[in-house]
Amino acid sequence: MKTVLITGAAGDVASHLRRELAGKYKLRLSDKRKIEKQKGEQFIQADISKMADALKITKGVDAIVHLGGYSVEGPWEPIHKANIVGCYNIFEAARKNKVKRVLFATSNHAVGFYRRDQKIDHRVYIKPDGRYGVSKVFGEALGSLYSDKYGMEVYLMRIGNVNPKPLDRRRLSLWFSPRDLAQLVSIGIDHPDIKFEIVYGISGNQRAWYDNSNAARLGYKPQDDSEVYAKDFENEKPGHPVAEQHQGGIFCVVEEVPNPAAAPVKGKKK
Ligand code: 15L
């Protein structure tokens with residue numbers, strides 16, 4: 001059984017992944033926050049902005065699923081610390097510890113300034129929609145460098161929004177169900193022939209803004225489609241015109257986004 005490190009293990013995405021991947025891999029979890037580990041999991045508390053911690057958590061694993069970092073638009077300082085310094089530390093520690101494969105959770109916000117009437121694939125030029133998006137582009141660039149220069153096997157997942165259900169109309173285009181997430185991650189860990197790949201982390205949504213043929217080529221067959229939730233958002237009022245026009249939505253116009261988990265959910269009062 002492969003040993004897989006999941007960074008950012010206290011976060012939402014990791015909580016789905018841990019549940020879905022339990023028993024399939026030996027999971028080593030890390031986060032700067034403390035978490036309760038489940039049976040069969042190993043947990044190491046670590047701050048990835050410190051190289052010594054990054055070296056400790058990446059030692060002896062077969063693959064890394066790097067989810068850790070600052071996950072929304074916000075001030076530069078924490079983004080820099082977690083997503084620039086932290087991400088560099090993870091790639092560099094992986095190289096030093098001879099970890100073969102790194103899966104990096106980049107984001108739709110690396111290309112968030114593409115318009116909603118455009119369908120983009122994995123070959124488009126980057127168009128980040130904020131400091132957070134820029135930090136994800138930095139991680140993608142690191143992945144490219146470590147693959148070309150050091151032969152690391154790198155799998156970049158431009159993740160949409162992982163949730164049991166889409167949160168709003170925009171998310172109908174980039175919803176990523178937990179079981180589809182698990183499938184895409186498993187391909188990244190187990191596919192025998194990965195050198196450097198970019199895939200979109202979305203379900204098989206009819207409204208997708210992404211041509212995910214590269215994921216399909218690697219064997220990804222999403223089981224979910226957001227369309228079944230479409231009518232929940234029929235009466236949603238349009239937001240800021242720039243946000244409505246671009247794939248990154250509100251990230252394109254604001255400086256700081258509150259926790260996306262707090263995004264309005266139908267029928268739920270804030
Ligand atoms: C992201 O990259 C964030 O990490 C996530 O929390 C959501 O805000 C998502 O993008 C989104 O675009 O909905």
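All of the numbers you see were taken from the coordinates with simple rules; none came from a lab. None of these values were measured; they are calculated from a predicted model. Neighbour counts are summed over all protein chains in view; Cβ atoms, including those assigned to glycine, are modelled from backbone coordinates with ideal geometry.
For the range 146-207, the alpha-carbon coordinates run over 41, 18, 17 Å along the three principal axes, in decreasing order. The convex hull defined by the C-alpha atoms of the range 135-270 has an orientation-averaged projected area of 9.1 nm².
Figure legend: label point modelled 7 angstrom from the Cα of residue 236 along Cα→Cβ; residues of the range 191-229 with amide N under 17 Å from it are 202-210, 225-229. Taking the longest Cα principal axis of the chain as reference, the axis of helix 178-190 is set at about 40 degrees.
Available extension along the chain between residue 38 and residue 144 is 34.8 nm, counting 0.36 nm per residue and deducting the alpha carbon span. Principal-axis analysis of the Cα atoms of the chain puts helix 131-150 at an angle of about 40° to the longest axis. With the simple model of a label 7 Å out from the Cα in the direction of the Cβ, residue 216 to residue 254 spans 3.4 nm. Computed about the Cα centre, the dipole magnitude for the chain is approximately 680 debye when only Lys and Arg (+1) and Asp and Glu (-1) carry charge, each at its Cβ.
Under the combined filter of DSSP loop state and at most 10 neighbouring Cβ atoms within 10 Å, the range 2-50 retains these trypsin sites (Lys or Arg not before Pro): 33, 34, 39. Over the range 3-252, Cα pairs under 8 Å with separation of 6+ residues give a relative contact order of 18 percent. Give the angle, between 0 and 90 degrees and rounded to the nearest 10, that separates the Cα long axis of helix 12-21 from the longest principal axis of the Cα atoms of the chain. Approximately 60 degrees, to the nearest 10.
The helix-only estimate of mean residue ellipticity at 222 nm for the chain, built from DSSP H runs of length n ≥ 4 each weighted as -39500 (n - 2.57), is -8500 deg cm²/dmol after division by the residue total.
If you bin all the Cα-Cα distances of the range 57-168 at 10 Å, starting from zero, the percentages per bin are 14, 44, 32, 9, 1. Spacing of the modelled spin labels on residue 77 and residue 244, each 7 Å from Cα toward Cβ, amounts to 3.7 nm.
For residue 201, nonlocal amide neighbours, meaning residues 5 or more places apart or on other chains whose placed amide H falls under 5 Å from its own, are 158, 159, 160.
Panel note: the C-alpha atoms of the chain, placed on their principal axes, show extents of 51, 37, 37 Å (largest first).
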